[in-house]
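Peer 1: What follows is a single structure, and I will ask about it in a moment.
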Amino acid sequence: MLYWLSNGCIALGLFFWFWGTFPLLGRRSVLFKLHSLSIADTLGSLAIMVGLLIKIPREWPLLVLALFSLLVWNTVLGYVLAYCSSVEMDHD
Amino acid sequence: MTGYINLVFRLGIWFLLTANFSPTNIAIGIIVTLLLPRGPVMSSPPRVWAKGIKDLLLAIPQSYLEAFEILLFPHRHEYVTRKRVPHRRTSGMVFLDVLLITLTPKTIVQNYDPEGWYEIHHISRKAEP
Amino acid sequence: MNWILGAMVLATLIPMYAACQNQDIWQKMLAFASIATKTSVAIIVISVLQDDWFIGMVGSIILSVGNASLMLLAQVLKRLNQTNPGY
């Protein structure tokens, strides 16, 4: 049961990674790509980490730290990138 | 009060990183947390913090839900709205607000106007409402 | 468990290709941010699978510090664009 749960989480995360990263190759605006990247990099990586946490709970301190820093830094990076690139667009 | 939260936060990171509860390590952790400089923090009451943390925990399933929505139905339209910041927010709470809005995949804070507005970029299935 | 790593490397190749192919600097930044996250998650996965605490520590330090450099770079680029637009 736990085996399938953890593998399911990891598979979901990997699926999010692929599906959210493919729009990078397209020709949309930076902000649109940021939306899909926030799915891929934040939510996908969170799912992978949770999967690992279920699989190997022994290393929980490291994984919890990784979960936390993923959650905070990735979203803040999304905001900073959105802010910097949009200010440039106003300027043009 | 916020000073204590700050110290506990730093110690927590230290113990998660080292995962070692020997007396030497605890002493090193406490000394380092006390020595690191502390900026001036405006304090929010603990009630506000508790609500923020609850919102953060609620936002995670919400963002997975939105991810599946985007997955199932293509969201091709983009638009920008503005949202008012609640009155007298401290910088910590503004940070938490930005984090919560940006975490959900359909919305990204694009600009924070110090006069009290968030500029939010949305994607949606239909054209601008 | 090696299929996880293989899939991760494959997923990392996509933003690398995007970074090479796209000329616009912000699109490149997006691709770099994506590469940074994906590689550090891969490092942590390796550490957990190999049961090596220290590799995992390196991974989580990269995860928590590496993004800061990208933020600084974004700020510098914004400043650069403001002083001489079209650069």
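Peer 1: Mind grabbing the interface size between A and C? I mean buried accessible area, both sides, 1.4 Å probe, in Å² to the nearest hundred.
Peer 2: 4000 Å²
Peer 1: First obtain the Kirkwood hydrodynamic radius of the protein assembly as shown from its Cα pairs, then insert it into the Stokes-Einstein equation at 20 °C and 1.002 mPa s, and state the resulting D in µm² per second as a whole number.
Peer 2: 104 µm²/s
Peer 1: Roughly what would the spin-label model give for C:M16 and B:H87, points 7 Å off Cα along C-beta, in nm?
Peer 2: Those two pseudo-labels are separated by 5.6 nm.
Peer 1: Run the dipole for the protein assembly as shown about the Cα centre, Lys and Arg Cβ at +1, Asp and Glu Cβ at -1, nothing else charged, and hand back the magnitude in debye, nearest 20.
Peer 2: 440 debye
Peer 1: Moving on. So how much accessible area does B:V8 have, in Å² to the nearest 10, using a 1.4 Å probe?
Peer 2: About 100 Å², rounded to the nearest 10.
Peer 1: Right, something else. What list of ³J(HN,Hα) couplings, whole Hz, do you get for the range C:38-44 from phi and the Karplus terms 6.51, -1.76, 1.60, once you set θ to phi - 60° and write x for glycine and proline?
Peer 2: 5, 5, 6, 5, 4, 4, 5
Peer 1: In Å³ and rounded to a whole number, note down the convex hull volume per residue for the Cα atoms of chain B.
Peer 2: Here the figure is 143 Å³ per residue.
Peer 1: How large is ³J(HN,Hα) for each residue in the range B:109-117, as worked out from phi by the Karplus curve 6.51 cos²θ - 1.76 cosθ + 1.60 (θ = phi - 60°), to whole Hz, x for Gly and Pro?
Peer 2: Each residue's phi maps through the Karplus curve to give 6, 9, 7, 10, 8, x, 7, x, 10 Hz.
Peer 1: If you put +1 on each Lys and Arg Cβ and -1 on each Asp and Glu Cβ, how big is the dipole of the range B:46-124 around its Cα centre, in Debye rounded to 20?
Peer 2: 320 debye
Peer 1: Under a Cβ-only charge scheme (Lys and Arg +1, Asp and Glu -1), can you give me the dipole magnitude of chain A about the Cα centre, in debye to the nearest 20?
Peer 2: With only Lys, Arg, Asp and Glu charged at Cβ, the dipole is about 340 debye.
Peer 1: Same structure again: Sorting A:T42, B:T81 by accessible area (1.4 Å probe), largest first, what list results?
Peer 2: So the residues, ranked largest to smallest area, are B:T81, A:T42.
Peer 1: For B:D97, what accessible surface area do you get with a 1.4 Å probe? Give it in Å², rounded to 10.
Peer 2: 30 Å²
Peer 1: OK, next. Round to a whole number: what % of the accessible area of the range B:46-124 belongs to carbon and sulfur, probe 1.4 Å?
Peer 2: With neighbouring chains kept in place, the figure for the range B:46-124 is 62 percent.
Peer 1: Let me ask something else about it. Leaving out ligands and nucleic acids, note down the accessible area per residue over the protein assembly as shown with a 1.4 angstrom probe, in whole Å².
Peer 2: 53 Å²
Peer 1: Quick query: amide H of B:I120 versus all other amide H atoms, modeled in the peptide plane; which residues come in under 5 Å with a sequence gap of 5 or more or a different chain?
Peer 2: B:T81, B:R82, B:K83, B:Q110
Peer 1: Rounded, prolate or oblate for the range C:2-83? Axes are the square roots of the Cα gyration tensor eigenvalues, ordered a ≥ b ≥ c, and the cut-off for rounded is a/c under 1.5.
Peer 2: Because a/c hits 1.5 or more and a/b fails to exceed b/c, the range C:2-83 counts as oblate.
Peer 1: Note down the accessible area of C:S64, probe 1.4 Å, to the nearest 10 Å².
Peer 2: Approximately 40 Å² of C:S64 is accessible to the 1.4 Å probe.
Peer 1: So for C:K38, C:K28, B:K126, what's the accessible-area order with a 1.4 Å probe, most first?
Peer 2: Correct descending sequence by accessible area is B:K126, C:K28, C:K38.
Peer 1: Give the residue from C:Q50, C:M16, A:H35 lying farthest towards the positive end of the charge dipole for the protein assembly as shown; charges sit on Cβ (+1 for Lys and Arg, -1 for Asp and Glu) and the dipole is referred to the Cα centre.
Peer 2: It is A:H35, whose Cα lies furthest towards the positive end.
Peer 1: What residues have an amide H closer than 5 Å to that of B:H77, excluding those fewer than 5 places away on the same chain, when H is modeled at 1.01 Å from N in the peptide plane?
Peer 2: Amide H to amide H, under 5 Å and 5 or more residues apart or across chains, B:H77 pairs with B:S124.
Peer 1: Sticking with this one: Checking buried surface per residue: for the range B:94-129, which residues lose a minimum of 50 Å² accessible area in the protein assembly relative to the chain alone (1.4 Å probe)?
Peer 2: With the partner chains in place, the range B:94-129 has these residues losing at least 50 Å²: B:L99, B:T102, B:L103, B:P105, B:I108, B:Q110.
Peer 1: Let me ask something else. List, in order, the whole-Hz ³J(HN,Hα) value for each residue of the range C:26-31 obtained from phi through the Karplus relation with A = 6.51, B = -1.76, C = 1.60 and θ = phi - 60°; use x for Gly and Pro.
Peer 2: Each residue of the range C:26-31 in turn: 6, 5, 5, 4, 4, 4 Hz.
Peer 1: Given a 1.4 Å probe and heavy atoms of the protein chains only, how would you sort B:Y118, C:Y17, largest accessible area at the top?
Peer 2: Greatest to least solvent exposure: C:Y17, B:Y118.
Peer 1: What is the percent carbon and sulfur in the accessible area of chain C, measuring with a 1.4 Å probe over the protein chains and ignoring ligands?
Peer 2: Answer for chain C is 70 percent, counting heavy atoms of protein chains only.
The values are calculated or read from the model by the stated rules, or taken from the named source; none is laboratory data. Model, not experiment: these values are computed from the prediction. In this analysis, Cβ positions are derived from the backbone assuming ideal geometry, glycine residues included, and neighbour counts consider all displayed protein chains. Surface accessibility is based on the protein's heavy atoms, side chains included, excluding ligands, DNA and RNA. Shrake-Rupley method; radii C 1.70, N 1.55, O 1.52, S 1.80 Å.
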